[in-house]
Amino acid sequence: MISQDKADRGGVNLAHGLAAIDRLSATAVHDLQRMVAVDTSFPPGAATMTLPT
Amino acid sequence: MHQIAAPLALECERIIVPEELWRAPGACGRRTNLIARRRSGRPVLGLYFHVDTVPAAPGWTTDPLQLTCEGDRLVGLGAADMKGSIAAALLALRAAQQTGLSLAYDPMLLLCTDEEAGLYPGVRYLAEQGRLEGHILNFNGSAMPRIWAGCFGLFTLTVRVHGKPAHAGEQRSAGVNAIEAALPILNAVAALKPVIAQRTSALPPAPQASGPLAASLDISAIHGGQCGGQIPSLVELLLCRRYAPEEDFIGARSEIETAIKQAAGSLDVEIILSGHLAPTSDPGGPHWPRWQQALSLGFGYAPDDFARWGASGCSDFGWVQQATGLQEVLLTGLGKPDSCIHAPGESTTLTDIVALAKSLLAYLSAEFCPELSPEAMTLKKDFA
């Protein structure tokens, strides 16, 4: 459902895009999972030294 | 990152910062920056992210490298600062792609190295190489209704105090204990701390702050010694100095180095500049009103919610301003008071990621508030 308010503020096409964000939100969690899993800490490797045991 | 960006049909280019620029104590590994962009001839909107994080501090109760979902909350190292922002931007671009939304700007993702520490941030190198285009939306900020007023600079000094190794029993008189020798230096730094903390800035503080923004000096790390049977021959200190835009970097650095040298006497001491972010001066400009409207759409902020404030936290955009001469930088992100950024349990929420994605999609959209777009208004004038 595209709200009239959103359509008024940006247009119908933008409202469809905003609705698509809601539909696709699970992909953001998946992307974040993949990124967090890669240790990019500085100094490198420090994160793996502090993993809970 | 390349694998994540590829399905969005973005043109990707890796740019490596030469090692001679970033070489410093503790730094190793390639500094590979990724530019992922779409070219259609529209004005360019740079979307800046840093991909590095601080190390996980002791105290995490979950694996910091495994995203943990606790209802809406997403917990993991870098979730708020700032991998969650990258996920939000990718979500916005995915939605634009799926719906065929007409964009006002060509997005240019800048996925950069060495913001959290290091001598030469990746975005500084890109700026100096002339690789930045258009205006830039920096995602290394907060999810608050904030108009960025600029921020402090920061530098780190690695101080190496050399002693002489020896057996801690029979031959102890032949050794020089580096840790004990470093104590006068630590005391000198500790004495300098309150002096520096009295230097305040005219930058406006956050609305909830208890006082003005102030300079600071911290002893951030100490490493030395190995076992009880050995006189330690080396101790390494890491000092972190945050300086106000009104201060002078050379003077601030010299003040600390002088105090250390006076305290060290005849000791063998090395002082190495191991990190530096220049202050960011007022990043206001003509794109801010439309960005505020976009934030209002995404997060539901009212116009009166917005306030302008600076920070003693630092950014690599001071270097960008210096290299490009461009002052305006839009700022956003996922940081909130309960995000535990740089601390155990760092988190964001899916709600905020979605809100940030919606803000970005609105800002990118050609349909959204064209009357506030400097580029659209320029075109209109040209055709008038």
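Cβ-Cβ contacts under 9 Å between residues 6 or more apart (or on different chains), taken from a first residue in segment B:70-90 that is closer than 14 Å to B:L47 by Cβ and more than 7 Å from every other protein chain (Cβ to nearest Cβ) to a second residue that is of a type in the set (D, E) and not in a helix (DSSP H, G or I), are listed as B:M82/B:E115. If the condition is being among the hydroxyl-bearing types (S, T, Y) and either out of contact with any Lys or Arg (no Cβ under 8 Å at 6 or more places or on another chain) or open to solvent by 70 Å² or more (accessible area, probe 1.4 Å) (or both), then segment B:218-242 contributes only B:S220.
Across segment B:187-246, what is the total count of residues that are in a strand (DSSP E or B) and closer than 26 Å to B:S315 by Cβ?
So the answer is 15.
The condition of being in contact with a helix residue (DSSP H, G or I) (Cβ under 8 Å, 6 or more places away or on another chain), among the small types (G, A, S), not assigned by TED's automatic domain parsing to the domain that holds B:G175 and not in a loop (DSSP other than H, G, I, E, B) holds for only one of B:A294, B:A259, that being B:A294. Applying the criterion of at least 3 residues that are more than 7 Å from every other protein chain (Cβ to nearest Cβ), at pLDDT 90 or above and open to solvent by 60 Å² or more (accessible area, probe 1.4 Å) to the helices (runs of 4 or more DSSP H) found wholly in chain A leaves A:12-36.
Within segment B:48-69, being open to solvent by 30 Å² or more (accessible area, probe 1.4 Å) and more than 9 Å from chain A (Cβ to nearest Cβ) holds for one residue alone: B:T68. Candidates B:C12, B:C28: the one that is within 11 Å of chain A (Cβ to nearest Cβ) and open to solvent by 10 Å² or more (accessible area, probe 1.4 Å) is B:C28.
For the structure I just gave you, tell me whether B:L331 is open to solvent by less than 40 Å² (accessible area, probe 1.4 Å), under 30 Å from B:F249 (Cβ atoms) and either without any contact (Cβ under 8 Å) to a residue 12 or more places away in the chain or assigned by TED's automatic domain parsing to the domain that holds B:I147 (or both). Yes; evaluated as a whole, the condition is true for this residue.
The values are calculated or read from the model by the stated rules, or taken from the named source; none is laboratory data. Computed from a prediction, not measured in an experiment: that's the story for all the values here. Please note: Cβ atoms are built from the backbone with ideal geometry, for glycine as well, and neighbour counts cover all protein chains shown. Only protein heavy atoms, including side chains, enter the accessible area calculation; ligands, DNA and RNA are left aside. Shrake-Rupley method; radii C 1.70, N 1.55, O 1.52, S 1.80 Å.
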